[in-house]
Amino acid sequence: MLLKPISEAQGKYKMSKVLEVTGLEGGYGSVQILYGIDLYVDQGEFVTIIGPNGCGKSTFLKVVFGLTTLHNGTVSHNAADISGWRTDKLVKRGIAYVPQVDNVFPSLSVKENLLMGGIDLKSDEISIGIDRSLKMFPDMKYRMNDLAASLSGGERQMLAISRALISNPSFLMLDEPTAALSPRYQQEILANIDNLRNDGISVLVVEQNARLSLARSDRGYIFSSGKVAYSGNAEDILRDPEIGRYFLGLNSSGRE
């Protein structure tokens, strides 16, 4: 393989770490899903986690964001230990999370959903956040008074990401942002996520559409059975034939 085990790959990167996870073990209550995860995201990076269904990718994001049980290990944000913090404290610290499902309030309008994202902010801060979101997803300005339930899958994802951005985070985690979307929306969503780095937002994405996300990423992690199997440059992951066969759905010729 072109990739190196994670312990070797990590040593190449010396930038400021926005997120650093060491020896993380966790799951749902007493049920352990994750076993000794080591992972980091540098300032300004786009990092993608891939792996088969049930390998712990989504659980990892939930543990980091305080939604499931942390058993052991540490989670640091900008060198401060945030292990086991409540989600509201994490949001105030500049961390945002967009889940794969149930990520909008369907009975509320688009505007009301956005306002919920800034429930603890001043009115002028909310206005700035909404303006920023509408510049990112301009189609949303024509749907502000529509119920979120009336939006398409792609529009719901745009709304979910926009609401997460209202709090002006510096670090954003997203779980399967392109799941079940059309190719057009897949490209648009990931392009906009990538562009967030221009605003100083570091990004960690769990994504089944591995090749599409890795093509925009700096680095990638491959999860398997609740552990990190490999880590390396995204370009190396995409070019590795063995990784392609087992994790990217490619045959020996490099085609799907």
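In percent, rounded to a whole number, the relative contact order of the range 107-256 is 17, using alpha-carbon pairs under 8 Å and six or more apart.
Database remark: amide H of TYR221 closer than 5 angstrom to the amide H of THR48, ILE49, ILE50 (H placed geometrically; neighbours at sequence offset of 5 or more, or on other chains; Pro and chain starts carry no H). Size check on the range 204-244: the Cα extents along the three principal axes, sorted descending, read 24, 22, 15 Å.
Peptide packing: for 65-72, 147-154, the average count of neighbouring Cβ atoms within 10 Å per residue gives the ranking 65-72, 147-154, highest mean first.
A simple packing score, the average count of other Cβ atoms within 10 Å per residue, orders the peptides 98-104, 42-48, 54-60 as 54-60, 42-48, 98-104, with the highest score first. Overall shape of the range 161-256 was characterised from the C-alpha gyration tensor. The equivalent ellipsoid obtained from it has semi-axes of 25, 15, 12 Å, in decreasing order.
Starting from 0.36 nm per residue, how many nanometres of slack lie between GLN32 and LEU134 once their C-alpha separation is accounted for?
The GLN32-LEU134 span can extend by a further 32.7 nm.
Helix 153-165 sits at what angle to the longest principal axis of the chain, using alpha carbons and giving 0 to 90 degrees rounded to 10? On a 0 to 90 degree scale, this one is about 90. When MET140, MET116, MET158 are sorted by how many other C-beta atoms sit within 10 angstrom of their C-beta, beginning with the fewest, the order is MET116, MET140, MET158.
Can you give the local net charge around PHE137? Use residues other than it whose beta-carbon is closer than 13 angstrom to its beta-carbon, Lys and Arg +1, Asp and Glu -1. Surrounding charge for PHE137 is +2. Applying 1/(1 + (r/R0)^6) with R0 = 30 Å to the Cβ-Cβ distance of LYS89 and ARG245 gives a FRET efficiency near 0.10.
What does the charge dipole of the range 6-247 about its Cα centre add up to, to the nearest 20 debye, if the Cβ of each Lys and Arg holds +1 and the Cβ of each Asp and Glu holds -1?
With Lys and Arg at +1 and Asp and Glu at -1, about 140 debye.
A simple count of charges around VAL101, restricted to other residues whose Cβ falls under 13 Å of its Cβ and scoring Lys, Arg +1 and Asp, Glu -1, yields -1. Straight-distance candidates among the aspartates and glutamates for linking to LYS92, with alpha-carbon spacing under 13 Å and chain neighbours fewer than 8 residues away dropped: ASP120. When peptides 105-111, 212-218 are sorted by average Cβ neighbour count within 10 Å, with the highest value leading, the order is 212-218, 105-111. Principal semi-axes of the equivalent ellipsoid, √(5λ) from the alpha carbon gyration tensor of the range 6-247, are 29, 20, 17 Å from largest down. Please compare each pair in LYS89/LYS111; LYS57/LYS141; LYS17/LYS89; LYS135/LYS227; LYS89/LYS227; LYS57/LYS111 to a cut-off of 29 Å on the Cα-Cα distance and tell me which ones are over it. As for pairs spanning more than 29 Å Cα to Cα, those are LYS57/LYS141; LYS135/LYS227; LYS57/LYS111.
A short reminder: the numbers here are calculations on the coordinates, not readings from a lab. Because the structure is predicted, anything quoted here is derived from the model rather than measured. Cβ: placed from backbone, ideal geometry, glycine included. Neighbour counts: every protein chain shown.
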